[in-house]
1. Which condition number in (1) within 14 Å of another protein chain (Cβ to nearest Cβ); (2) under 21 Å from the mean Cα position of the chain (by Cα) is the one that A:VAL266 fails?
2. Restricting the search to the stretch A:1-14, which residues are open to solvent by less than 60 Å² (accessible area, probe 1.4 Å) and either more than 8 Å from DNA strand D (Cβ to nearest atom) or within 41 Å of the chain's Cα centre (by Cα) (or both)?
3. State the number of residues belonging to the stretch B:242-290 that are in a helix (DSSP H, G or I) and of a type in the set (Lys, Arg).
4. Hey, can you tell me all the residues within the stretch B:90-118 that are under 16 Å from B:LEU306 (Cβ atoms), more than 7 Å from chain A (Cβ to nearest Cβ) and within 18 Å of the chain's Cα centre (by Cα)?
5. Sort out which residues of the stretch A:99-131 are small (Gly, Ala, Ser) and part of a strand (DSSP E or B), and write them in order of number.
6. Only helices (runs of 4 or more DSSP H) wholly contained in the stretch B:132-237 count here; list those with 2 or more residues that are in contact with an Asp or Glu (Cβ under 6 Å, 6 or more places away or on another chain).
7. Confirm whether A:ILE122 is within 28 Å of the chain's Cα centre (by Cα) and on the phi < 0 side of the Ramachandran plot.
Number of protein chains: 2
Amino acid sequence: MKPSVGIRDVAQHAGVSNATVSNVLNRPDVVAPATRQRVLAAIAELGFVRNESARQLRAGRSRVIAYVVLDAANPFFTDVARGVEDAAREAGLALFLCNSASDDGREREYLELLHEQRVEGILITPVDGDSARFTERGTPLVLVDRASTDGTRCSVAVDDVLGGELAVTHLIEAGHTRIAMIGGPLSIQQVRDRHSGALRALANAGLPADALTFLETKGLQVAEGRGAGERLVGLPSSRRPTAAFCANDLLALGLLQSMTQQGLRVPDDLAVVGYDDIEFAAAAAVPLTSVRQPREQLGRTAAQLLLSENEPDHEHRHVKFQPELVVRASSAVKR
Amino acid sequence: MKPSVGIRDVAQHAGVSNATVSNVLNRPDVVAPATRQRVLAAIAELGFVRNESARQLRAGRSRVIAYVVLDAANPFFTDVARGVEDAAREAGLALFLCNSASDDGREREYLELLHEQRVEGILITPVDGDSARFTERGTPLVLVDRASTDGTRCSVAVDDVLGGELAVTHLIEAGHTRIAMIGGPLSIQQVRDRHSGALRALANAGLPADALTFLETKGLQVAEGRGAGERLVGLPSSRRPTAAFCANDLLALGLLQSMTQQGLRVPDDLAVVGYDDIEFAAAAAVPLTSVRQPREQLGRTAAQLLLSENEPDHEHRHVKFQPELVVRASSAVKR
DNA sequence: CTCAGGCGTTAAAACGTTTCAACATCGAGG
DNA sequence: CCTCGATGTTGAAACGTTTTAACGCCTGAG
């Protein structure tokens, strides 16, 4: 490891003061072209790399925002992240992605670290609904895909209750009267909201609440969907639902696999509706009906809100988008 | 924004020196229990958050490694990242994910920033084959999914030439003699290697090199696969390939969609083989034959190599894994 | 010839930690 | 009673930047 060449070494090597080197780095226009060249040459020659810690310590600014996602392997979040990144780089900021993997502890650790790093701002899709745990620590923080209950911070969300309602109303209209909802854990706000929406759909249609069987899963990954599929098929056929609403597309894809594997047909034996409308939903074995969310826009808006946090007259806003049902083969009407 | 409470404020509030506060933070065992409690109380009361910049500046250590991925939306890379993160947290380090999105400029910016941040180490799947551009800058760096040509750094890779060979040999054995390879841009090393492998397979089988039609794409996303599908179908049927080997699964899924949409059947009208064997490959409209890579292990190994970089007697290693063909319906033998 | 003002450069003071040698305090062993 | 070691605590010096006010120099106007 090199003996760490600093700004003073560069200065000495170029025969100027360290302040001049700093100026070359930060306000190149203020220093005379000849001097600038000399300094740049010295920088190149010594292989100087500016120490961001020192810079940040003195300047007080960081050039980074972070997005803590619930599951980096879920394309939904990477799409949101794309929106975030686009907005961030327009503002000259870099984006660091952190994966909480739906784990409480990891989330806490990342938040702690990010606060300590004094990043310019934090975006987070929290594991837990209880957003009160993010005590104010001086770093702007915006909730993504989750409405802030109290008014203490900005949030960007999609109406998940409506989304659940759209999905289940669609299934009811297709003639289903025994419907499963698959998702979990219930500690995740989105799952609860989509469930509420499903119940509301039943109520609207005058169906009893027990027309909906809730199958709770431990997570929202494909494997959990497969597991749920087995549980579903294990039910006595008199009680077995004829349609399933999954809390996200990963579950739905897993469910689909499980059905095929057990020799059942979708949508004939079981209609399936997913949530998020990730790109892979349309490419699935049976193209998946799904509830689409404005993913990139969600991220972009969240980032913009975050960036507006340190405007003098900022007041917290809560943006809520509308979801949209995309009907495909997996829920085609029986005939 | 708070007037930024520092370690000295805490010290004063607890009636101790700042050195003691620092000790409470870093070596809690060395300070008397009573004092420790008092300091912790002060920390809680004032809402003190340690300034990582200052800490890092003084201590010289960071607690973070970063992984610069080629495409965060590609499940292959998030799976690799999972392996990386597992290994990193075992070593007490956090992982920041950066997305170069196959863009030269972004990649350079992130690398620059990470060097300046003095992260503990950098993992990268580079956009460009020419790894010489990563001039040594004092931060350990290992290449992921890309062999290092010179011996100047560690790398972890999978034998892409072999992978291409496996895929195309499989197609040849299934009776295909006009095969397309879809992928690009050719600036990406993996694409070139998989192509070489494909050519080798032809040679092994005694087929002429023009049995392989190379369709270059601008990227490796699903949309590019759809585009390639249209180009493929646009070919005069006498020359149209009966099988396609895609440089990754995203392309293959796009191709699949495009075929269905144009009323062609897979594998009857076109057999398809993908690469990576991402989770969605098995759930596709036609379950996808694919070349599987040890994704998590790739990441885990890369992280371990990175961590070993600052051992005194470190010498650079190049680990190469073997890919494996997974046959599914998309390439079923014609009968 | 003098002087105001612009321009380029600089010395020195922060920024908030960690670390190290030195310093009290105290109980035990001689 | 003195010494010694152990135990806790502390003052002050880094770490490598950015920033500010001041400085010297030069030019052109008076």
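The values are calculated or read from the model by the stated rules, or taken from the named source; none is laboratory data. In this text the structure is predicted, and so the values were computed from the model without any measurement. So basically every Cβ, Gly included, is an ideal-geometry build from the backbone, and we count neighbours across all protein chains shown. Note: accessible area is taken over every heavy atom of the protein model, side chains too, but ligands, DNA and RNA are not part of it. Shrake-Rupley method; radii C 1.70, N 1.55, O 1.52, S 1.80 Å.
1. With respect to (1) within 14 Å of another protein chain (Cβ to nearest Cβ); (2) under 21 Å from the mean Cα position of the chain (by Cα), A:VAL266 is out only on (2).
2. Pass one, the stretch A:1-14, residues open to solvent by less than 60 Å² (accessible area, probe 1.4 Å): A:5-7, A:10-11, A:14.
Selection gives A:VAL5, A:GLY6, A:ILE7, A:ALA11, A:ALA14.
3. Going through the stretch B:242-290, the residues in a helix (DSSP H, G or I) turn out to be B:249-261, B:279-281.
Those left that are additionally of a type in the set (Lys, Arg): none.
Result for the stretch B:242-290: 0.
4. The answer is B:LEU95, B:LEU111, B:LEU114.
5. Residue satisfying the conditions is A:GLY121 alone.
6. Passing ranges, in order: B:160-173, B:189-205.
7. Here the answer is yes, as A:ILE122 does meet what is asked.
Yes/no per residue for (1) of a type in the set (Phe, Trp, Tyr); (2) surrounded by fewer than 17 Cβ atoms within 10 Å (Cβ to Cβ); (3) within 14 Å of chain A (Cβ to nearest Cβ):
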position	(1), (2), (3)
B:GLU120	no, no, yes
B:LEU141	no, no, yes
B:SER148	no, no, no
B:ALA157	no, no, no
B:LEU166	no, no, no
B:LEU171	no, no, no
B:LEU199	no, no, no
B:ALA203	no, yes, no
B:LYS218	no, yes, no
